Every structure is written in C-alpha cells, then in structure tokens.
Amino acid sequence: MAGSNDLYSSLVNSGPGAFLASKVGLPQPPKLRRYAPAQPALAGPVLLGGFGRLVEPLREILGNGDDYDVVTNNTAGRSADKLGAAVFDATGISSAADLEQLFEFFTPIMRSLGNSARVVVLGTTPELTKSPDEQVAQRALEGFTRSIAKELRDGATAQLVYVHPKAKTGISGVESTLRFLLSAKSTYVDAQVIRVGAEDAATVESWDKPLAGKVALVTGAARGIGATIAEVLARDGAHVIAADIPAAGEALSETANKIGGTALPLDVTADDAGEKIAEHVLQRHSGLDIIVNNAGITRDKLLANMDSGRWNSVIGVNLIAPQTLVNELVERKALNEGGAVVDVSSIAGIAGNRGQTNYGASKAGVIGLVDAYAPVLAKKGITINAVAPGFIETAMTAAIPLATREVGRRMNSLQQGGQTVDVAETVAYFANPASNAVTGNVVRVCGQSLLGA
Ligand code: NAD
C-alpha cells in the first residue's frame with residue numbers, strides 16, 4: 001500500500017488518475033502486497049526449476065506444509081493463474097554457456113508473473129566454487145538478477161541467494177531466507193544478493209512467532225523506523241526493550257506500551273550506555289538475544305561549511321555507538337549465544353550523498369562493522385547483518401523539500417518510497433534464530449534505488 005503521505009501514488013492508482021498518467025507517460029507506482037495475518041505468503045503458485053544440487057531439497061522445503069503451492073510446469077499464461085513466484089536453482093550452471101538455462105527458464109514466464117511476484121535465483125557463492133569457469137558463471141548471476149528486476153512489472157521483485165557449496169543436503173539454513181523472500185514481507189527489497197552459509201538452521205517452533213522467548217533491544221524506538229521495528233519484533237514473539245533518548249520519553253513509553261514491552265530511556269552515546277543495557281538485561285532477563293542498532297541522526301552540511309559538532313555527533317550516534325554497544329554487551333556476557341546483531345545503514349553509505357559526508361561516512365562504517373565483526377561474532381554463534389534503507393516514508397523524509405523528495409521517492413524500480421514496516425520485516429528476518437547461517441550481509445531495502453546501484 002502506498003504511504004498515506006504519497007498523494008501522487010493515491011492519485012495515479014485511482015481510475016481517472018491512472019488513465020491520465022498512462023496517457024501522458026507518468027510513472028504509475030504499483031500497489032505493493034504487504035504482510036497481513038492469515039493472508040497466504042504469495043498470491044499464486046511457485047514455479048520451481050533448475051538442475052543444480054538445491055532443486056530437490058527446495059521442493060521438500062517449499063512443499064512441506066500448506067504454505068506454498070509448488071508447480072514444476074508453467075501452468076500460467078492464463079491471467080487467472082498468474083505465478084506468485086519463480087524459483088530457479090542455478091547451482092548447476094558451471095560455465096558461461098550454461099547460463100542459457102536462465103534464458104530458457106525465464107523467457108516464457110516473464111508475462112505470467114503476477115502482482116508482487118517474487119523471482120529468486122539460487123547460486124553457489126562464487127569465491128567458493130571449484131573452478132574458474134564455475135566462478136565466472138556464478139558471478140554472472142548477479143547481473144542477470146539485477147537486470148531482470150528492472151524489467152519486472154507490477155511490484156514484482158528479483159533476488160539472488162548464494163548458498164555455500166558445503167550446505168547440507170537438507171539445506172535448512174536457507175529456509176528462513178526463502179520464506180522471507182517468498183512472501184509479502186520482502187516487498188520493498190529488490191535486486192539484492194544474500195549469502196547463506198553452510199550451517200543447518202536452528203529450529204523454530206513456529207514461523208509465525210519465530211522470536212518467541214527472545215529478548216530484543218531496539219535503539220531509537222520512540223518513533224519512525226525504530227518504533228515499527230519494535231512492533232514487528234513483538235509481533236514475531238519477542239519481548240522488546242525499546243530504547244531512546246530521555247527527551248523522547250513520552251513517545252518511547254507509547255511504543256513500549258503498545259507492544260507490551262519495556263521502555264529504557266537511554267542516550268546510546270553515553271559512556272555508561274552499554275553498562276546500563278547489560279545490567280538491565282542480566283537483572284530482568286537472562287541476557288539479550290537481539291540488538292537492533294537503529295538510532296541515527298543526520299546533521300547535513302556541505303563539507304566546506306561543516307562544523308565539528310555536526311561531524312562528531314553523527315559519527316558518534318551512527319557509528320561509534322553501535323560498535324561500542326556490541327563490544328560492551330559481548331564483554332559483559334549480556335549477548336547470548338545464537339543471538340543476532342542488526343545494524344541500520346543507509347544507501348547514502350553506499351552511494352554517498354551531497355551534504356552528507358558525515359552521514360555517508362558513518363553509514364559506510366556500519367557496513368565495515370558488519371564485515372569486520374561477522375567472523376569474530378561467528379565464533380560466539382552470533383550473527384551480524386545490516387539493512388540499508390533507501391527512501392522510506394518517515395518524518396525524516398517528509399521534511400525534504402518537495403522536488404528532491406519526489407526524485408528520491410520515484411527513482412527506483414518500484415517507483416515509490418518504502419514503508420517503515422518494509423525495513424522492520426527485513427530486520428526481523430535477520431533476527432530470526434533460523435537465520436543463523438546468514439551473517440555478514442547488507443540488504444538494501446530500497447526498491448532497487450538507482451542511487452549507488
Ligand atoms: P527518526 O529521526 O524518525 O528516528 C530516529 C530515532 O533515534 C529518534 O527517536 C531519536 O530520538 C533516536 N535517537 C537519536 N539519537 C539518539 C541517541 N543518541 N540515543 C538514543 N536514541 C537516539 O529516523 P528514522 O527515519 O526512523 O531512521 C531510523 C534509522 O534509519 C536511522 O539510523 C537512519 O539513519 C536510518 N535511515 C533512514 C532512512 C529514511 O528514509 N527514513 C533512510 C536510510 C536510513
């Protein structure tokens with residue numbers, strides 16, 4: 001659903017508006033399918049194809065239970081039975097010539113994909129392949145997936161999942177990723193590459209409440225993206241500790257009360273922030289399972305006019321705090337084994353942004369945090385990943401001048417801004433204990449924004 005503050009989308013989705021927009025060639029943002037309880041994960045069947053090592057285990061994973069209707073022949077073509085998804089196992093592609101398999105599988109179904117349909121290509125992590133030929137061919141999958149994503153219509157998206165060559169035959173480690181991608185929860189995630197390790201998945205009792213019994217801390221939870229992350233983690237069963245600066249006290253209590261969580265007024269840059277959190281979770285719970293470093297600020301100025309206050313506050317909140325908090329929580333044994341760290345980066349940390357040298361540096365640094373800490377935390381059975389939001393409809397982006405705002409909002413494959421829930425769902429996927437084979441990833445939630453592409 002388009003944001004209530006996106007008047008343009010509402011207008012062109014109305015009958016007369018759509019007619020006018022198509023006549024004059026204006027972008028017509030599709031209505032995106034989003035998660036609703038009891039709604040099927042996909043709007044139609046999943047077509048499964050390919051000739052690699054994953055196709056049979058995939059059939060088992062997807063065919064197990066009633067969540068997906070798996071088909072192997074393209075029964076679509078008639079508009080009545082449009083595909084909800086197409087999943088292709090490309091791990092059998094070991095030379096450039098084999099890439100023809102993609103062409104043969106996808107060409108006939110391009111017009112059979114329905115609204116918000118999902119395309120998922122699975123490959124083998126290129127650097128871990130057995131031969132140069134295979135590495136070349138597997139690397140090629142990225143360009144294919146990113147291009148198909150630009151051709152898809154009506155809210156359909158495409159992703160690439162690289163699976164470790166040593167993933168067990170049951171490949172349970174990939175299930176949480178597939179369930180996220182093959183659902184309405186990934187609606188604003190487009191053209192992303194996710195790497196999944198060899199580990200089997202930790203068992204979750206229920207895919208509806210995968211975080212049951214878990215304790216999660218969300219910083220910057222008083223409003224915006226953080227408040228929605230707190231809500232979604234609570235929906236998935238977690239007890240959420242919502243943290244924000246003391247000045248945001250009232251809004252913070254509101255977030256916490258709404259979800260039956262706890263409010264923890266706290267400036268993440270305070271010297272004793274880590275100590276306070278550790279004390280809280282060790283006294284009231286048996287430690288912390290999930291930490292979401294979401295608190296973030298912007299203090300924009302061209303570098304020529306930048307002052308040290310702006311520079312240091314942005315680096316302090318956005319980069320130093322997430323690193324210090326994780327260090328302290330690990331040192332104080334407050335972050336549990338099997339836990340997850342999820343950081344919030346930004347496409348500005350990938351593409352850079354005029355007037356945001358401080359912010360861009362901090363958000364690229366967050367990606368560095370993920371790279372550097374993934375192997376270290378892996379030894380403790382803890383994952384670390386980041387989401388990099390693009391244009392999300394929040395108070396922050398509502399304050400951008402209209403013309404710039406319109407450009408930011410439309411310059412992506414889905415021609416609209418994302419909702420805070422789109423970022424939150426991606427955080428919840430990383431936080432899922434069954435995502436234990438998923439670490440060191442940065443997933444953009446940007447509708448395949450042209451920025452930094
Ligand atoms: P927001 O300003 O609406 O919310 C940020 C929250 O963080 C506020 O409640 C604020 O009080 C809190 N906060 C700030 N400094 C803090 C501190 N020192 N200690 C504790 N809490 C603190 O922003 P948002 O749009 O919801 O952004 C959330 C995150 O997403 C940020 O890290 C932001 O950089 C990132 N992001 C947002 C967008 C977007 O389009 N809105 C895009 C990319 C990245």
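Details
- With R₀ fixed at 51 Å, the C-beta to C-beta distance from THR107 to MET306 puts the FRET efficiency at about 0.50.
- When the Cα positions of ALA334, LEU181, ALA149 are compared along the charge dipole of the chain, ALA149 comes out farthest toward the positive end, with charges on each C-beta of Lys, Arg, Asp and Glu.
- Per-peptide average of other Cβ atoms within 10 Å, ordering 177-185, 124-132 highest first: 177-185, 124-132
- Percent RCO, i.e. relative contact order, over the stretch 46-196, from Cα pairs under 8 Å lying at least 6 residues apart: 23 percent
- In nm, spacing of pseudo-spin labels at VAL376 and ILE315 (7 Å Cα→C-beta vector): 1.8 nm
- The stretch 215-445: relative contact order as a whole-number percent, Cα under 8 Å and 6+ apart: 20 percent
- Taking 0.36 nm per residue of separation and subtracting the current Cα-Cα distance, fully stretching the chain between ASP208 and THR324 would add 38.5 nm.
- Element breakdown for the stretch 215-445 at a 1.4 angstrom probe: carbon and sulfur atoms account for 52% of the accessible area.
- Mean projected area of the Cα convex hull of the chain, taken over all directions, amounts to 21.9 nm².
- Ordering of 35-42, 320-327 by burial proxy (mean other Cβ atoms within 10 Å per residue, highest first): 320-327, 35-42
- Square roots of five times the Cα gyration tensor eigenvalues for the stretch 343-453, Å: 27, 16, 10
- Computed E for SER147/ASP69 - FRET, C-beta separation, R0 22 angstrom, nearest 0.05: 0.20
- Label-point gap, in nm, between GLU337 and ASP200 - each point 7 angstrom along Cα→Cβ: 1.7 nm
- Values of log10 I(q)/I(0), in the order q = 0.12 Å⁻¹, for the stretch 215-445 under a Debye, Cα-only, solvent-free model: -0.61
- The HN-Hα couplings worked out from phi for the stretch 115-125 by the Karplus form 6.51 cos²θ - 1.76 cosθ + 1.60 (θ = phi - 60°) are 4, 6, 5, 10, 10, 10, 10, 10, x, 9, 3 Hz, whole numbers, x standing for Gly and Pro.
- Packing order of peptides 390-403, 341-354, highest average first: 341-354, 390-403 (average count of other Cβ atoms within 10 Å over each peptide's residues).
- Each helix, a run of at least 4 DSSP H residues, gives -39500 (n - 2.57); summed and divided by the residues of the chain, these come to -10500 deg cm²/dmol at 222 nm.
- Links that overshoot a 21 Å alpha carbon limit, given the list LYS209/LYS276; LYS214/LYS258; LYS333/LYS380; LYS301/LYS363; LYS130/LYS379; LYS31/LYS82: LYS209/LYS276; LYS130/LYS379
- For VAL317, net neighbour charge (Lys/Arg +1, Asp/Glu -1) across residues whose Cβ lies under 11 Å away: 0
- Mean-position separation - Cα centroids, the stretch 358-397 and the stretch 102-154, in angstrom: 26 Å
- Computed on the stretch 238-338, with alpha-carbon pairs under 8 angstrom and 6+ residues apart, the relative contact order is 28 percent.
- A simple spin-label model places the labels of ALA97 and LEU282 6.3 nm from each other, with each point 7 Å out along Cα-to-Cβ.
The values are calculated or read from the model by the stated rules, or taken from the named source; none is laboratory data. Every value quoted in this text rests on a predicted model; they were computed, and no experiment measured them. Neighbour counts run over all protein chains shown; Cβ positions are idealised from the backbone, glycine included. These accessible areas exclude ligands, DNA and RNA; they are computed on the full protein's heavy atoms, side chains included. Shrake-Rupley method; radii C 1.70, N 1.55, O 1.52, S 1.80 Å.
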